[in-house]
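Contents: one structure, followed by commentary.
Any read-out appearing in this document is the output of simple, stated calculations on the displayed coordinates, not a laboratory observation. As the structure is a prediction and not an experimental result, all values here were calculated from the model. Cβ sites come from the backbone with ideal geometry, for glycine too, and all protein chains shown count toward neighbours.
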């Protein structure tokens, strides 16, 4: 891992990206902190060309997104075109829609819908990636969602945008998961876990209990392309949280 591969996940600062003006100010703050890339997520209704102009003006790379499932189903050609214009290789689905949860049959039905979408994305030279939480580890018919994906989707077409915190919260070893699904993982969310009053809570990277040495080594071994720093819930100013995380990561990179 090197710092050129580190991005800020904009979901962390979602309350500061609702308008084009706020988005521009937020991107400038992130650049000043030291981020040269972002993942687009939960921003306001800002024209994609203006998003590109703002990012380019600050020399910030858009490395991945979280994009609405509805657009994947109903507006895929334009979604692909926007990502290509951004120079963004990864179209991310932030979560499994609720109607496909709760049973093995629902999970399989989801793969039947997502497979042709993933194939079309792959044909365009991009990749569709699925972002996890912890519910994916619930088992139905003896299999969790990732095992269903393994059985019913093509790793060349559907990747995993893994979240280290949620893997740990789901009872998985992030390192072992990375090794197991090495052929699907190119983007990783770095998110730490602390224990406060006997509860697992999200924390700045390097401020919690995650085994980062093992996780980062596993990511390097499989040649992860992007590491996006994310903290859904911050107990201080979210920009300060992103700065703290980046400072720890730079130390790990020897900077």
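With each pseudo-label sitting 7 Å past Cα toward Cβ, what's the residue 143-residue 247 distance in nm, one decimal?
Between residue 143 and residue 247, the simple spin-label model gives 4.7 nm.
Taking 0.36 nm per residue of separation and subtracting the Cα-Cα distance, what length does fully extending residue 85 through residue 169 add?
Value of the extension gain: 26.7 nm.
Percent antiparallel among DSSP beta bridges with both residues in the stretch 143-255, to the nearest 5?
Approximately 40 percent, going by the DSSP bridge assignments.
Would you mind putting 74-85, 2-13, 220-231 in packing order, based on average other-beta-carbon counts within 10 Å, highest first?
2-13, 220-231, 74-85
With both partners inside the stretch 3-252, how many of the DSSP beta bridges are antiparallel, as a percent to the nearest 5?
Working: 6 of 32 bridges.
Here the share of antiparallel DSSP bridges comes out near 20 percent.
Ordered by packing density, taken as the mean number of other Cβ atoms within 10 Å over each peptide's residues, highest first, how do 201-207, 44-50, 94-100 rank?
201-207, 94-100, 44-50
State log₁₀ I(q)/I(0) for the stretch 1-152 at q = 0.08, 0.09, 0.14, 0.18 Å⁻¹ as given by the Debye formula over alpha-carbon point scatterers of equal weight, solvent excluded.
Ignoring solvent entirely, the Cα scatterers give -0.26, -0.33, -0.74, -1.08.
Say a paramagnetic label sat at a point 7 Å from the Cα of residue 197, along Cα to Cβ; which residues of the stretch 204-248 have their backbone N under 15 Å from it?
235
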